[in-house]
Structure formats: C-alpha cells, structure tokens
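*Asks:* Structure provided below as structure tokens; questions to follow.
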Amino acid sequence: MKLKSILSHAWAPRGRLALSVVLSLGLLPGARAAAADEAAQTDDKLPAITLKGGRFDPSELVVPANTTFKLLVTNSDPDAIEFESFELHRERVVKPGETITVFMPSLSPGKYKFFDDFHSGTPNGVIVAK
C-alpha cells in the first residue's frame, strides 16, 4: 500500500503536466491562427504613411488626440529613407519595400511635422492630432 501511494504521487504531477502539454499543443494552432487574423485586422485599421515617388502619402495624417497609436510607415521607393520627427522624438530607418510600425505617444491636439532625413528634397508631412 505504501508503494502504491508513493507511485501515485510520483506519477500524478507528471501525468497532469503531460496532459496540459498535450492540450496546449492541441489548441496552439487555433490560437496562432486567431492571433494572426487579429493582427491582420488591426494592421488594416492602423494609420499609415507611404513614401512613393519621393512624396509622403498622405502628406497630412489626422489621428485622435490624447490616444497612443501605432503608425505604419511604408517605403515604396528604391532607396532607404529615415522617417524622422523632432516634435515626436522618432527616428527610424525604413529599407526599400519595407513597412515598419512606429509606436506613437499620446499626442496633445496640434500639428507634428515629419520628414525623410536621408533625402532633404522630400516634402515634409504632418500628423494632425484632433
């Protein structure tokens, strides 16, 4: 009886661990797909700026004031760019054909300039927080 008690204590935690691992692995593919769908839907709704033909599009982006947000910056030009804003304290290199996510702070109502620091001829853009 004592041996049976020892064995049941030794195997029970391992059995529960094995079961939890099996269950987790069984649910993992569904969880990954759901997370990917959620990320794709979220990215579609994020504010976005694209540099194409030496110009930012849109050149003026309106975002909600007093709310943190993510900004997608896409470089469709053949050369690397540097998305920069002194007012926003942001500076990020974007390779050709790449899209990056820039985490933006909560902005007070106002206008915030951004530019391509690598190409001074690129017209500036502005983020307007309303």
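*Asks:* For the range 96-126, which residues satisfy the criterion of being farther than 11 Å from Phe56 by Cβ and among the acidic types (Asp, Glu)?
*Replies:* Glu98, Asp117
*Asks:* Residues that are within 14 Å of the chain's Cα centre (by Cα) and in contact (Cβ under 8 Å) with a residue 24 or more places away in the chain, at least 3 per element: which strands (runs of 3 or more DSSP E) completely within the range 66-111 meet that?
*Replies:* Numbers: elements: 69-75, 81-85, 90-94, 99-104.
In the range 66-111, 69-75, 99-104 are the strands (runs of 3 or more DSSP E) which contain 3 or more residues that are within 14 Å of the chain's Cα centre (by Cα) and in contact (Cβ under 8 Å) with a residue 24 or more places away in the chain.
Read-outs throughout are calculated quantities, based only on the coordinates presented, and are distinct from any laboratory measurement. Please read all numbers here as calculations on a predicted model, not as lab measurements. Ideal geometry is used to build each Cβ from the backbone, glycine not excepted, and the neighbour counts take in all protein chains shown.
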